[in-house]
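Read the figures in this text as sums done on the coordinates, not as results from a lab. As the structure is a prediction and not an experimental result, all values here were calculated from the model. Positions of Cβ are generated from backbone atoms using ideal geometry, with glycine treated the same way; all protein chains shown enter the neighbour counts.
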Amino acid sequence: MKKVKLKNSKKEYNVGKIICVGRNYPEHAKELGNEVPEFPIIFLKPASNLAYDGNEIVYPNYSNEMHHEVELVLLIGKLIKNATEDEAEKSIIGYGVGLDMTLRDLQTQLKSKGHPWTLAKCFDTSAVVSEFVSTDTYKYNSQEIIALYKNGNLQQHSSLNKMIFSPVKIVKYISEKMTLETGDVIFTGTPDGVSKVERGDVLKASISNIGELTNVIK
């Protein structure tokens, strides 16, 4: 069972679902040639995909084009269904930094055939998370800067206020489609600047006041 932790705390949570939001920054949707969505685009990853700060990210041998995607990640702390915005906000107990690693060549191939692109998103170490800062000690304000450096070079840089759908609206929307439970984590989408990684690359991801990750591609 995979677990996540609250920073400066002994609290750990067993992870149930990993729920991801696609195309939540307009510029990222455009750079991939996609329309800006009218509602959150949702896909899932199994908890077995989780990796942590300092872990190696394994490059699958069936892909030649893996991309990095840095994201704000939410930790859910209570069971909710059909939540109001107030209930959705109160259900978020932590904020973290995440990497949603994506096999872009496989994704493009599967999409072109009308197939689900699950296998482009779901592989071991494809969902990297930091420790989570507690909402009891940190107040999210949407002005936080999200960034990713590859081998010391800045690749992604934006502000969380550029998201189309805010964390609260994402949680509310998902709760209308499925029950959210304690330990579920939600990846909220990536800004533009995604790029191909190679074995040996060092990725450093951060969100101001929330946390950071450093991972090597294996």
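The Cα atoms of region 101-218 give a gyration tensor whose axes a ≥ b ≥ c have a/c of 1.5 or more with a/b no greater than b/c, which makes the shape oblate.
Shown here: percent of Cα pairs over 23 Å apart, derived from the displayed model; of the candidates (1) 41; (2) 52; (3) 45, it corresponds to (1). Ignoring lysines fewer than eight residues from K7 along the same chain, the ones with Cα atoms less than 16 angstrom from its Cα are K139. In a DSSP loop and with at most 13 other Cβ atoms within 10 Å, the GluC sites (Glu not before Pro) in region 149-218 are E198.
The aspartates and glutamates whose alpha-carbon is closer than 13 Å to the alpha-carbon of K177, local same-chain residues fewer than 8 away aside, do not include any residue. When the chain is treated as a GNM, springs tying every alpha-carbon pair under 10 Å, which of L74, L203, L119 comes out with the largest mean-square fluctuation? Between L74, L203, L119, it is L119 that shows the largest mean-square fluctuation.
For the chain, adding -39500 (n - 2.57) for each run of n ≥ 4 DSSP H residues and dividing by the number of residues yields -4500 deg cm²/dmol at 222 nm.
Classify region 4-65 from the C-alpha gyration tensor, please: rounded if a/c falls under 1.5, else prolate or oblate depending on whether a/b exceeds b/c.
It comes out oblate by the Cα gyration axes.
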